[in-house]
Amino acid sequence: MSKETLGFQAEVKQLLQLMIHSLYSNKEIFLRELISNASDACDKLRFEAINHGDLYEGDGDLNIRLSFDKDARTVTIADNGIGMTRDEVIANIGTIARSGTKEFFSKLSGDAAKDSHLIGQFGVGFYSAFIVADKVTLTTRRAGVAADQAVRWESGGEGDFTLEDVTKAGRGTEIVLHLKEGEDEFLDDWRLRSIIRKYSDHISLPILMAKQPGYDKDGNIEPAEGEEAVNQANALWTRNKSEITDEQYQEFYKHVSHDFDEPLAWSHARIEGRQEYTELLYIPKRAPFDLYERDRRHGVKLYVKRVFIMEDAEKLMPQYLRFVRGVIDSADLPLNVSREILQASREVETIKSGCVKKVLGVLEDLAENKPEDYKTFWTEFGKVLKEGAGEDFANKERIAKLLRFASTHDDSTEQNVSLADYVGRLKAGQDKIYYITADTFAGAQHSPHLEIFRKKGIEVLLLSDRVDEWLTSSLTEFEGKPLQSVAKGELDLTAFEDEAEKQQQQAAVEEFKDVIEQLKSTLGDKVKDVRVTHRLTDSPACLVVENFDMSANLERLLKSAGQ
Ligand code: ADP
Ligand code: MG
């Protein structure tokens, strides 16, 4: 096929504008993004080559090359990774990844700093090339495909791109950036090297640049030949903790998670025991847009002896920790491990449960020592963590301690009360943890069921997240104190009553005997029972359900789900 011109997906142009606008102040990150992609491409090749060694085409030395040409004003990034076919180029480079486009644009706030973190999530790192380039030429050949089956993609980032069949001897991808006017700072060896050291030192492959001429002891220029690696070129997680700076941990996070933001916290450990593995796991600062979607894009990456095996190995993290990013590198799993094998593997169970404990440890540490960070975490991921109380029986207690709720203690919408806080404030004689569930916070806060509790000064947890119904059905006690809905069954608050109140209530039961009988016969089988209550102080009546019946809120939820 000869050269053809294709249009970008309509939104791409808008995206490019946004990208340039919000990232310009930190424009050098284009290099980080392109190197990150090159590294991923090499990981993919190494993985496919486990079963198809000929994909290496006799060259198993994977690397990334960076060069520049002062006269042509170009910077070139080349890799000998997996490469792309024509169809893959169209699918990956001409579009915004997958279905996310609409959400992407609906989430934009116009605030550059806030918007920039969205860019990585939507798999559009490649476009950062247009921050500094007014033309990008990408030439690629997929490993194992004939040399004359390569393809060249070129675009000025203005709405369309061209595609052309070309010949490329080496496999992999080469990207030439034609720099914009005024971006000549990147035509500088020292500048490029320092960007690599700053952002891409953690990349496990060598990033090669031409050796620079030096001076001999007499001060004469000594010409240099060949190339040298600019980065350390070993996998970050295999290094000693003491040799890794926070900045390196953070940059590695951006690479594995495709996030443009810093992580909130991380855990890094080498485990030697029944299973030998290394984990480097991160808690992000912000929830990705697809946290509740089935085909989420990123997760924990699995490596076996430093060879990338798979992305989003969902078997390595339980659902309720699906926001965790990072790598697990096993020394024992076979290289040809498949998703099916992972599914049934005892070894994987061991690794998973070890990693879950590490993540819970990180969260406990945040909760205890960095309350502001824990607040950020809870706001973003609290609803997901709540799923854990039902999902992870073995760690239920630890999860319960990490939960935070809104409560009548300060009546704020903010979920900042732990069960331990609640228990610490129990009234004398109180042996239950009271809560109410409702569709909305206001619904919970203004429920007539709370009247008596407010009057007696007994704290009630105000639960209005969708997941709270499931949470309270699986978490039925905390430190020996049962969780009790204030909207269920007969409330026994006698411990908080004085003699006068008791007598008053007895009198009320007598007094309203006839009214109750009348109500019962009028309502017939629409209700199970009609009782005189002292749980209300202002409202005349309220509906309650029996202790073991579904709560009114759960019933509503099930109805709206069509059950
Ligand atoms: P992300 O890396 O988050 O997927 P990018 O915009 O950076 O998003 O890249 C989009 C896609 O383009 C990648 O997922 C990959 O499929 C493809 N791609 C980009 N660079 C390369 C490369 N050097 N080699 C092979 N494929 C690449
Ligand atoms: Mg990328």
Open item on the list: From the gyration tensor of the Cα coordinates in the stretch 266-403, what semi-axes in whole Å does the equivalent ellipsoid have, largest first, with each one equal to sqrt(5λ)?
Closed with: 25, 16, 14
- [ ] Treating only the Cβ atoms of Lys and Arg (+1) and Asp and Glu (-1) as charged, compute the dipole magnitude of the stretch 184-241 about its Cα centre; round to the nearest 20 debye.
- [x] 560 debye
Task: In Hz, Karplus ³J(HN,Hα) per residue of the stretch 27-35 (6.51, -1.76, 1.60; θ = phi - 60°; x = Gly, Pro) - done: 4, 5, 5, 4, 5, 4, 5, 5, 5
TODO: Could you tally the net charge around T162, taking each other residue with its Cβ under 10 Å from the Cβ of T162, Lys/Arg +1 and Asp/Glu -1?
DONE: -2
- [ ] Treating the Cα atoms of the chain as identical point scatterers in vacuum, please give the log10 of the normalised Debye intensity I(q)/I(0) at q = 0.05, 0.06 Å⁻¹, two decimals.
- [x] -0.31, -0.43
Task: Cut-off 16 Å, label 7 Å out along Cα→Cβ of N336, residues of the stretch 8-48 by amide N - done: 47-48
Task: Antiparallel DSSP beta bridges within the chain, percent to nearest 5 - done: 80 percent
- [ ] Any chance you could check the Cα centroid distance between the stretch 182-216 and the stretch 1-72 for me, in angstrom?
- [x] 17 Å
Open item on the list: Per DSSP helix of 4 or more residues, -39500 (n - 2.57); summed, then divided by the residues of the chain. What does that give at 222 nm, rounded to the nearest 500?
Closed with: -10500 deg cm²/dmol
Task: FRET efficiency, 1/(1 + (r/R0)^6) with R0 35 Å, evaluated for L519 and T379 via beta carbons - done: 0.20
- [ ] Enter the angle in degrees (range 0 to 90, nearest 10) between the Cα long axis of helix 246-257 and the first principal axis of the Cα atoms of the chain, meaning the one along which they spread out most.
- [x] 90 degrees
Task: Anchor K528: aspartates and glutamates whose Cα lies under 18 Å away (excluding residues fewer than 8 positions away in-chain) - done: E490, D514, E517, E546, D549, E555
Task: Amide H partners (placed H, <5 Å) of E227, local residues excluded - done: K211
Open item on the list: Quick check: convex hull of the Cα atoms in the stretch 335-447, volume per residue, rounded to a whole Å³?
Closed with: 150 Å³
Task: Above-threshold pairs, the threshold being 21 Å between Cα atoms, out of K70/K180; K135/K198; K375/K401 - done: K135/K198
Open item on the list: Using only the alpha-carbon atoms, how far is helix 346-369 inclined from the longest principal axis of the chain? Give it as 0 to 90 degrees, nearest 10.
Closed with: 70 degrees
Task: Neighbourhood charge, 15 Å Cβ-Cβ cut-off, centred on G83 and excluding it, Lys, Arg +1 and Asp, Glu -1 - done: -3
Open item on the list: I need R32, R339 ordered by Cβ neighbour count within 10 Å, fewest first.
Closed with: R339, R32
- [ ] Quick one: which residues, 5 or more positions from Y303 or on another chain, have an amide H under 5 Å from its amide H? H modelled 1.01 Å from N in the peptide plane, none for Pro or chain starts.
- [x] I309, I328, D329, S330
Open item on the list: List the residues, sorted by chain then number, that are 5 or more residues from Q484 or on another chain and whose placed amide H is less than 5 Å from its amide H.
Closed with: I433, Y434, Y435
Task: the stretch 199-204 - phi-based ³J(HN,Hα) in whole Hz, Karplus 6.51/-1.76/1.60, Gly and Pro as x - done: 9, 10, 4, 6, 4, 7
Open item on the list: I'd like the Karplus ³J(HN,Hα) series for the stretch 210-224: coefficients 6.51, -1.76, 1.60, θ = phi - 60°, whole numbers in Hz, and an x wherever there's a Gly or Pro.
Closed with: 4, 5, 8, x, x, 10, 7, 5, 8, x, 8, 5, 10, x, 10
Task: Charge dipole (debye, nearest 20) of the chain; +1 at Cβ of Lys and Arg, -1 at Cβ of Asp and Glu - done: 620 debye
Open item on the list: Using a 7 Å offset from the Cα along the Cα-to-Cβ direction at both E262 and F393, what is the distance between the two label points in nm, to one decimal?
Closed with: 4.2 nm
- [ ] Could you give the size of the charge dipole of the stretch 275-407 about its Cα centre, using +1 on the Cβ of each K and R and -1 on the Cβ of each D and E, expressed in debye and rounded to the nearest 20?
- [x] 260 debye
TODO: Over 20 Å between C-alpha atoms is what I'm after, so list which of K27/K370; K254/K383; K44/K254; K432/K456; K456/K488; K352/K481 land there.
DONE: K27/K370; K254/K383; K352/K481
Open item on the list: Could you tell me which residue out of C355, Q343, G429 lies farthest along the dipole of the stretch 336-474 toward its positive end? Charges go on the beta carbon: Lys and Arg +1, Asp and Glu -1, centred on the Cα centre.
Closed with: G429
- [ ] Report, in degrees rounded to the nearest 10, the 0 to 90 angle that the Cα long axis of helix 499-511 makes with the longest principal axis of the chain.
- [x] 70 degrees
TODO: Please sort 63-74, 144-155, 361-372 by packing, taking for each peptide the average over its residues of neighbouring beta carbons within 10 angstrom, highest first.
DONE: 144-155, 63-74, 361-372
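Throughout, read-outs are computed from the coordinates displayed, never taken from laboratory work. If you're wondering where the values come from, they're calculated on a predicted model, not measured in any experiment. A quick note on method: Cβ atoms are made from the backbone with ideal geometry, for glycine too, and the neighbour counts reach across all protein chains shown.
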